[in-house]
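The values are calculated or read from the model by the stated rules, or taken from the named source; none is laboratory data. What you are looking at is a predicted structure, and each value in this text was computed from that prediction instead of being measured. FYI the Cβ positions are ideal-geometry reconstructions off the backbone, even for glycines, and counts take in every protein chain you see.
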Amino acid sequence: MSLALAVDIALKLKSVLSTEVARSKDARRVLKTMNGSALLDQAVQRDTFNQRSAELSNQLGQAIAEVARSAGQTDITLEQIRARSPFEGEQLAGVFAEIRALSRSLAELDAFNQQLAQKALAFVRAYVNHVAPRPTAYTRRGVPAALEGGTHSEHI
């Protein structure tokens, strides 16, 4: 594997991250509208992103390890890569900086989206508790008192 391959893999990882950041920005709309099927689709898309980014990260690590081996080293720093190949080293450094920035953006979006999801969950729980409150009294058999002598609709 060459340094050019490492740069290519890093660019793919940056592209995947960029797409996920854009998708995470759209997640706010889905959370606000409480669209269940869209929420599930987003979960599947995030899982796909996680798998793809992990795969690309592993490939990038292997490519950089190969660059280190070709230099006769077990580890190599970005500065050492720049010294060996200034053009590709600068490209790699630039892409790494963009990846770090996108990763920070994604972490911030995830934190914000998690707060929105927690608020939505609180509203859903409050609604369900008002529509179908849980009984507070139980019989000697451990069955809620409201259900023991209740109608069929109360059992649902």
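Identify all residues within the range 39-58 that are farther than 21 Å from Gln91 by Cβ, surrounded by 12 or more Cβ atoms within 10 Å (Cβ to Cβ) and of a type outside the set (S, T, N, Q); write none if there are none.
Result: Leu39, Asp41, Arg46, Phe49, Arg52, Glu55.
Give me the residue from the range 122-138 that is surrounded by 11 or more Cβ atoms within 10 Å (Cβ to Cβ) and at pLDDT below 70 and, out of that set, nearest to Ser24 (Cα to Cα).
Applying the filter and picking the extreme gives Pro135.
Checking the structure you have, find out if any residue of the range 26-38 is buried (at least 16 other Cβ atoms within 10 Å of the Cβ), of a type in the set (Val, Ile, Thr) and within 30 Å of Gln91 (Cα to Cα).
We begin by selecting, within the range 26-38, every residue buried (at least 16 other Cβ atoms within 10 Å of the Cβ); these are 27, 30-31.
Narrowing further to those that are of a type in the set (Val, Ile, Thr): 30.
Checking the rest, the ones that are also within 30 Å of Gln91 (Cα to Cα) come to none.
Scanning the range 26-38, I find no residue that is buried (at least 16 other Cβ atoms within 10 Å of the Cβ), of a type in the set (Val, Ile, Thr) and within 30 Å of Gln91 (Cα to Cα), so the answer is no.
Under the condition of being surrounded by 13 or more Cβ atoms within 10 Å (Cβ to Cβ) and among the aromatic types (Phe, Trp, Tyr), which residue from the range 62-121 is farthest from Gln42 (Cα to Cα)?
Selected residue: Phe96.
Name every residue in the range 68-111 that is within 27 Å of Thr19 (Cα to Cα) and among the hydroxyl-bearing types (Ser, Thr, Tyr), in order of residue number.
Answer for the range 68-111, where residues must be within 27 Å of Thr19 (Cα to Cα) and among the hydroxyl-bearing types (Ser, Thr, Tyr): Ser103, Ser105.
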